[in-house]
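Everything on this sheet refers to the single structure shown next.
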Amino acid sequence: MLCVVENHSLPRTAAFFDLDKTVIAKSSALTFSKSFYHGGLINRRAVLRTAYTQFVFLAGGADHDQMERMRKYLSSLCKGWNVEQVKEIVAETLHDLIDPIIYDEAASLIEDHHTAGRDVVIVSSSGAEVVEPIGELLGADRVVATRLVVGEDGCFTGEVEYYAYGPTKAEAVKDLAASEGYDLGRCYAYSDSVTDVPMLEAVGHPYAVNPDRALRREASSRGWPVLVFSRPVRLKQRIPGFTMPPRPTLLAAAAVGAAAVAAGLVWYAGRRRGTAACAHP
């Protein structure tokens, strides 16, 4: 791999990653269903339904209509859940559930982008209470995720405040570029779903990862590279003695831009910069 020194006179760059089936091998939101069951948040019927939904998602991806049904189902399922309890359950089971399903290839790409001095941003339609801890586990610099409305009692109301999906993901990417000084023409984006075409179009280096059939057709017609990730490996198995360092700067903040404000709040994590760089393969 050709190593170069980062030219700090150039605009900053970033790599934007979809999460489900791009960085991890399953749906992040559905993976915690058994944990939520043991925590008393859902019943056995809901566990079975989420397991079936996970199977459909893994078998063929999810088109727009399926994503809408999943959004409505999950937002209604979460109604009345205590937010702090959800965060505690996710924190307690994160390593057991998510660490084994992180694609080795994705983890290596994240490392490569950080080495090259690029920020890494996770952009996911799953809920922030799930995505933000996963982003921290992966060492991401920022997170854009769906946010549900929380009532005065500290529980989800069942309404969606911000939905990170489709064109809204592209809006978030552009807003971050404006606020952080990213040169989108030199940025990278990775996704498995045709619903993320707007996000992929927003950058100069789009990649289709484990693409569904519709995205594979789009990638073929547009000349986008196609990557196949197939090796889920625990992070600690990738590097002997590896322990993920804490990232105390992982903070939530509102995204800028009228489009994102109109849709709701985009929340993301704090900044990380590299000095030495290696050119991306």
- Query: So which residues in the range 224-250 are open to solvent by less than 40 Å² (accessible area, probe 1.4 Å) and either basic (K, R) or at pLDDT below 90 (or both), if there are any at all?
  - Reply: V233, L235, R247
- Scope the range 1-39; condition outside any loop (DSSP other than H, G, I, E, B), at pLDDT 80 or above, in contact with a Ser or Thr (Cβ under 9 Å, 6 or more places away or on another chain) and among the hydrophobic types (A, V, I, L, M, F, W, C); matching residues: F16, F17, I24
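At pLDDT 95 or above, assigned to a strand (DSSP E or B) and under 17 Å from P206 (Cα atoms): does that describe V143?
Here the answer is no, as V143 does not meet what is asked.
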- Task: Select, from A189, A214, the only residue that is within 15 Å of P167 (Cβ to Cβ) and small (G, A, S).
- Result: A189
- How many residues does the range 175-212 hold that are surrounded by fewer than 19 Cβ atoms within 10 Å (Cβ to Cβ) and among the charged types (D, E, K, R)? 4
- Message: Just to be sure before I move on: is V130 open to solvent by 40 Å² or more (accessible area, probe 1.4 Å) and at pLDDT below 95 in the structure I sent?
- Response: no
- Note on the structure: Within the range 213-223, of all residues that are small (G, A, S) and part of a helix (DSSP H, G or I), the one least open to solvent (accessible area, probe 1.4 Å) is A219
- Task: Determine if the range 185-202 includes at least one residue that is touching a helix residue (DSSP H, G or I) at 6+ places or on another chain (Cβ under 9 Å) and of a type in the set (K, R).
- Result: no
- All-but-one check, A106 against (1) crowded, with 22+ Cβ neighbours inside 10 Å; (2) not in a helix (DSSP H, G or I), failing number (2)
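The values are calculated or read from the model by the stated rules, or taken from the named source; none is laboratory data. Computed from a predicted structure; not experimentally measured. A quick note on method: Cβ atoms are made from the backbone with ideal geometry, for glycine too, and the neighbour counts reach across all protein chains shown. We work out accessible area using only protein heavy atoms, side chains counted, and drop any ligands, DNA or RNA first. Shrake-Rupley method; radii C 1.70, N 1.55, O 1.52, S 1.80 Å.
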